[in-house]
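This report refers to the structure that appears directly beneath it.
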Protein chains: 2
Amino acid sequence: MNITSKDGHVGHISQQFNTELDEIRTHLMAMGGMIEQQLKDAMIGLKTGDTALLQTAIKADDQINTLEMHLDDQCARIIARRQPAASDLRLVIAISKAVADLERMGDEICRIANSANKLIADFPGEGYLQVRHIGDLVATMVSDSLTAFARYDADLAYEVAKRDDEVDKEYKFAMRALVTQMMEEPGTIQQCMHIIWMLRSLERVGDHAQNVAQHLIYLVKGINVSHSSVAQMHATLDLNN
Amino acid sequence: MNITSKDGHVGHISQQFNTELDEIRTHLMAMGGMIEQQLKDAMIGLKTGDTALLQTAIKADDQINTLEMHLDDQCARIIARRQPAASDLRLVIAISKAVADLERMGDEICRIANSANKLIADFPGEGYLQVRHIGDLVATMVSDSLTAFARYDADLAYEVAKRDDEVDKEYKFAMRALVTQMMEEPGTIQQCMHIIWMLRSLERVGDHAQNVAQHLIYLVKGINVSHSSVAQMHATLDLNN
């Protein structure tokens with residue numbers, strides 16, 4: 001379909017359209033960068049007992065929500081005014097879905113920072129190795145899902161999705177250990193519960209990073225893999241490794 | 001914008017467009033009905049110890065995921081082929097967002113049924129009053145959010161959003177009671193953990209019902225209230241009660 005302005009500048013309008021598409025991609029990446037920073041602040045805050053850093057992570061959520069609403073609005077405007085088709089439409093849809101997942105990551109990281117705050121207040125100390133280990137795995141997933149999106153790299157997106165299984169395994173292992181600890185030392189129950197909530201939220205952040213990776217696969221390959229197993233994705237993407 | 005078919009039947013095409021919009025609304029309601037049934041099965045299964053009913057709730061998730069992918073595809077096709085504007089576009093956007101929330105409800109209810117299964121296997125018995133109480137509150141929220149969507153009823157949607165605060169209060173109260181119980185009777189820790197996961201998932205189902213209600217408010221009023229407090233929503237909607 002041709003889009004023509006009142007004065008007939010088809011080329012100019014199309015250029016403006018490209019600029020608008022670039023703009024939402026750039027905003028998505030900016031939002032992703034905020035999430036990466038928020039997660040880093042929450043994890044370093046937990047590790048070092050720095051409550052000011054945890055507050056920064058909690059406050060970041062407002063900014064992230066504002067950016068989400070702005071991006072949502074931009075996507076709806078582009079659809080209404082530009083009537084994108086084929087790969088342009090897939091780009092707008094994939095971005096608007098990725099935005100929703102990033103916003104939910106922001107919520108979960110905010111919960112992590114809140115739990116870390118309570119944990120530090122009730123049980124001063126540093127460390128929490130099991131949280132930091134899964135935190136590192138999840139941070140890499142988040143960062144790689146954004147890189148995959150920036151580079152249209154479906155292979156990297158597949159790697160991210162694959163790594164979610166690893167996070168789930170580590171998560172279940174840590175959970176079992178925490179429940180055992182609570183049974184053996186009931187005095188640590190409250191402390192363990194804070195850690196359990198943090199792990200749970202980290203595991204959810206990993207799920208959302210997997211979703212972002214799957215939206216990118218939809219964008220590049222035109223295939224909806226949102227409910228595919230890793231093996232199904234491997235077959236769909238026709239990978240060799 | 002006019003949409004004209006090759007043979008010039010503007011009216012016919014527009015009628016077909018209406019049919020397509022009706023179809024996605026109908027499919028959304030069907031998906032909502034499946035979620036209501038899934039939640040009912042999970043809660044009755046827990047109450048009566050009926051593991052077959054819990055299996056039905058778990059299996060329903062596949063069907064719900066298939067319907068989600070189908071609806072997603074329908075929404076993308078309508079945008080690509082019909083290029084909807086104004087309220088038609090808002091309808092398609094609101095439906096595609098509601099679909100995503102319903103799908104996540106399905107995931108959470110599946111988790112509830114899984115936890116209920118483990119709970120019943122490890123600790124045969126019936127009851128679990130605190131889960132059933134919050135389960136009833138959440139089931140009403142889900143059902144009312146769908147009714148609000150079916151009737152374009154922004155006032156009812158506001159009521160649903162308001163009730164989420166009540167669920168959150170009950171949830172926090174139940175959580176504190178469970179942590180206290182674990183500390184006083186460490187022998188019940190595993191049992192309590194199953195209940196904690198169920199409550200957590202129920203609370204999340206309530207959040208998603210609130211989201212569905214907020215998508216309806218966006219559809220009817222054209223205002224994004226996804227990050228508004230209940231008081232802000234009240235002011236935005238200009239309500240008297």
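The values are calculated or read from the model by the stated rules, or taken from the named source; none is laboratory data. Everything numeric in this text was worked out from a predicted model, so none of it was measured. Neighbour counts run over all protein chains shown; Cβ positions are idealised from the backbone, glycine included. Surface areas here come from the heavy atoms of the whole protein model, side chains and all, with no ligands, DNA or RNA. Shrake-Rupley method; radii C 1.70, N 1.55, O 1.52, S 1.80 Å.
Data overview
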read-out: Selected residue [within 19 Å of A:Met31 (Cα to Cα), within 11 Å of chain B (Cβ to nearest Cβ), touching an Asp or Glu at 6+ places or on another chain (Cβ under 9 Å) and part of a helix (DSSP H, G or I)] from A:Asp73, A:Asp61; value: A:Asp61
read-out: Residues of the range A:164-190 that turn out to be touching a residue at least 40 places away in the same chain (Cβ under 8 Å) and open to solvent by 50 Å² or more (accessible area, probe 1.4 Å), as a count; value: 3
read-out: Number of the condition not met by A:Gly106 [criteria: (1) away from chain B (no Cβ under 14 Å); (2) closer than 28 Å to A:His194 by Cα; (3) open to solvent by less than 10 Å² (accessible area, probe 1.4 Å)]; value: (1)
read-out: Whichever residue in the range A:220-241 is hydrophobic (A, V, I, L, M, F, W, C) and within 12 Å of another protein chain (Cβ to nearest Cβ) and, among such residues, is most open to solvent (accessible area, probe 1.4 Å); value: A:Ile223
read-out: Boolean, B:Ala157 is away from every other protein chain (no Cβ under 14 Å), outside any loop (DSSP other than H, G, I, E, B) and either open to solvent by less than 30 Å² (accessible area, probe 1.4 Å) or in contact with a helix residue (DSSP H, G or I) (Cβ under 9 Å, 6 or more places away or on another chain) (or both); value: yes
read-out: Residue identified as surrounded by fewer than 17 Cβ atoms within 10 Å (Cβ to Cβ), closer than 28 Å to B:Ile79 by Cβ and in contact (Cβ under 8 Å) with a residue 12 or more places away in the chain among A:Ala94, A:Ala150; value: A:Ala150
read-out: Residue check for A:Thr66: open to solvent by 10 Å² or more (accessible area, probe 1.4 Å), of a type in the set (S, T, N, Q), in a helix (DSSP H, G or I) and away from every other protein chain (no Cβ under 12 Å); value: no
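The rows are residues; the columns are (1) touching a Cys at 6+ places or on another chain (Cβ under 7 Å); (2) within 12 Å of chain A (Cβ to nearest Cβ); (3) within 24 Å of B:His133 (Cα to Cα).
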position: B:Ala161; (1), (2), (3): no, no, yes
position: B:Asp165; (1), (2), (3): no, no, yes
position: B:Gln181; (1), (2), (3): yes, yes, yes
position: B:Asn211; (1), (2), (3): no, yes, yes
